[in-house]
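Down below is the structure, laid out as structure tokens.
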Amino acid sequence: MAMRRPPVRPVLLNRRAVLAGGVAIGTAAGLAACGNSEPPVDENGRVRLRLVVDGPATVDLGGFYQALATGLYEARDLNVQLVRPGFGQDVPRALATGRAELGLVDDGFIPLRLVEEGAPVKAVAAFFQTSPRALISHAPVDSAGPPPPPSAVQVANADRDTLWPWMQARLGYSDDELADHDLDAFLADPRAVMLGHVAREPVHIAAAEGPATTVRLLAEDGFASYGDLLLAPTAFARDNEAALRAFIAASIEGWKDYVNGDPEPAHALIRKALRGRGDETLGAAHDALRAAAIVTGGDPSAGIGTMSEARWQAFFDGAVEAGLAQPELAWRDAWTPLYIPA
């Protein structure tokens, strides 16, 4: 069984900002200082836009790589580059320090945190209509009767200040069940539950011919956050509206093509970004993302990239319920649909 850590208690966003030790002030001040600077233009007259992503090349970036590989950005006079935050930085810090013009984050907790900090940045598009975060368990041997309670709930450190309190409030888990995210320990314990990603752990377990698993999206239990949220500093969005709209439109096309067409152009770039290490599970991960309707969501009226006030309200209400946001927080300042193509 995985080694347990001391209990983690839900904390309010403003307290988390204080615990970050100056990050809140630095991020807000840095973003405010972005002013009305415009992105540079390359030798071909294309606007350069750097998208900072806090993670390795995976299918979570498939639509952006598809747009790069098929020339969708170039067709709109954009020179788009995917960059990492750099040592000691995350996506908000990279935006604040001018390392990138745009950023990508996993869920709505960071935009809410930035509102709490007073940072002038908003979510401007959502490329996952459904969060890919999921609870992974062993497939039951005997389906008769209710499943036994989990022996451990494995949660990565990065999720312990956000998704774990949400899971406690919504699903009734206790700190006594909290354990490290450990794939080997999960495989060895048929009663373990793991907080993971619909296109990661289950795919790797299947590729290794491990035991059958059951995957339940957190969205099925009311987790209303969008995924793959695009962040833009307010001043940048205001002063570069045409470029931002063009980027979002091309990215939407890229995601449509990646999900519904041949994903190999994107996968070739992803393998290149992985520097020859290759990932034989890319095809299966793509299929898992598509089967779960992560990009398109379950609502046919909602298009890729779109966001609604009702969804943000539901997500915010869940954050308040879990003690992760104060009820008076101006959550509408966390996002805007202004730049999404009609």
Inset, instruction - Could you list all residues from segment 235-256 that are touching a Leu at 6+ places or on another chain (Cβ under 8 Å), surrounded by fewer than 23 Cβ atoms within 10 Å (Cβ to Cβ) and not small (Gly, Ala, Ser)? - result: 248, 253
Legend entry - Flag for residue 83 being among the β-branched types (Val, Ile, Thr), closer than 21 Å to residue 233 by Cα and surrounded by fewer than 21 Cβ atoms within 10 Å (Cβ to Cβ): yes
Legend entry - helices (runs of 4 or more DSSP H) contained in segment 226-342 and holding at least 1 residues of a type in the set (S, T, N, Q): 234-239, 241-260, 309-321
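Each reported figure results from applying straightforward, stated rules to the coordinates on display, with no laboratory input. The model shown is predicted, which means the values in this text are computed figures rather than measured ones. Here Cβ is always computed from backbone atoms with ideal geometry, including for glycine, and neighbour counts include all displayed protein chains.
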